[in-house]
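To keep things clear, I will list the structure first and then write my remarks on it.
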Amino acid sequence: MSNSPYVFEATMENFQDSVMVASSTTPILIDVWADWCAPYKQLMPLLEKLADEYKGQFLLAKVNADEQQQLTGSLGVRSLPTVILVKDGQAVDGFNGALPESEIRKVLDKHVEAPAEDPYETAHKRWNDGDAEGALAILTGMNQADPENLKVLIDIAQIKAELGDVETAEQILESLPPEEKLQPQAKQLAARIKFIKQAGELPPVAELEKTLAAEPKDPAALHQLALQYVLKEENGQAMELLIRLMQADSAYKDGIARTTLIELFDKLGNANADVRAYRRKLYTLMH
């Protein structure tokens, strides 16, 4: 049984009040299911997810067909799973089988008010889609409404750095409380700023690649090309070059390959697949 306040078990005893009467104020989505029904195992998590996302714009009533045979029969169910949308005491829509989430949303949105979009999620969606300016506008508005939200403030700094306004990004980073600077988001920001500031000092990629073709273990070229790859967001290639630098000359510039790797790990965060892979390589190399 789900712990969600928007999901409940419907039975013959509570159906009239909890579904038919209640649907006059809140649409009720009835899901008739059985444990032996394979499509139900795909469908149920989707329905529960949507019920939570819509935050009470509709309620999900679960009917166990094996335990509630009389109710299942009265609903005219002929196959499982069957989903029925009830509004004002009347069945107004529904479907059979396991539909994709997008199709279930279409059914819901014809009869149920869609949930308000979270502006923070909207900003990140735009950012991920390449619209950094649009994301920045939303986050700036959120910051004006709630200046104490440091998560939003750091995101603003990240975008500022990405757009080339490193000075503003640094100012934001320096304004953070000392304990906040130790948090993953702030460490990622600090690493990003450092990599961007180094960009103007680097030789062109083609020149560095030519140097390494002639001398594969050239420490300066390995390090500088790794930084160029970081700036191009080709992080796996950057990490591979830094590992090569450690293998060629681990003491180069006081161990800058290891330091740069760790800064890159901070920039990307532990959830990144390249970070996880190259942390293991770094550990193996050092031990």
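Summary of values
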read-out: Residue check, Ala226 in contact with a Lys or Arg (Cβ under 9 Å, 6 or more places away or on another chain) and either at pLDDT 90 or above or loosely packed, with under 15 Cβ neighbours inside 10 Å (or both); value: yes
read-out: Hey, Lys187 assigned to a helix (DSSP H, G or I), among the basic types (Lys, Arg), over 24 Å from the mean Cα position of the chain (by Cα) and within 16 Å of Leu268 (Cα to Cα) or not; value: no
read-out: Meets criteria (among the polar types (S, T, N, Q), surrounded by 11 or more Cβ atoms within 10 Å (Cβ to Cβ), outside the structural domain of Glu53 (by TED's automatic domain parsing) and under 20 Å from the mean Cα position of the chain (by Cα)) for Gln171; value: no
read-out: Selection within segment 63-94 - surrounded by fewer than 20 Cβ atoms within 10 Å (Cβ to Cβ) and in a strand (DSSP E or B); value: Asn64, Lys87, Gln90, Ala91, Val92, Asp93, Gly94
read-out: Per-region count, segment 128-148, residues at pLDDT below 90 and assigned to a helix (DSSP H, G or I); value: 1
read-out: Inter-residue pairs, beta-carbon under 8 Å, first more than 15 Å from Val32 (Cβ to Cβ) and in segment 75-100, second polar (S, T, N, Q) and surrounded by fewer than 16 Cβ atoms within 10 Å (Cβ to Cβ), 6+ apart; value: Asp88/Ser24; Gly89/Ser24
read-out: Residues located in segment 22-62, provided they are more than 20 Å from the chain's Cα centre (by Cα) and part of a loop (DSSP other than H, G, I, E, B); value: Thr25, Thr26, Pro27, Ala34, Asp35, Trp36, Cys37, Gly56, Gln57, Phe58
read-out: Among residues of segment 152-164, those that are surrounded by fewer than 14 Cβ atoms within 10 Å (Cβ to Cβ) and out of contact with any Leu (no Cβ under 8 Å at 6 or more places or on another chain), counted; value: 1
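The values are calculated or read from the model by the stated rules, or taken from the named source; none is laboratory data. All figures in this text were calculated on a predicted structure; none of them were measured in a lab. When we count neighbours, we look across all protein chains shown, and the Cβ atoms used for this are built from the backbone with ideal geometry, even at glycine.
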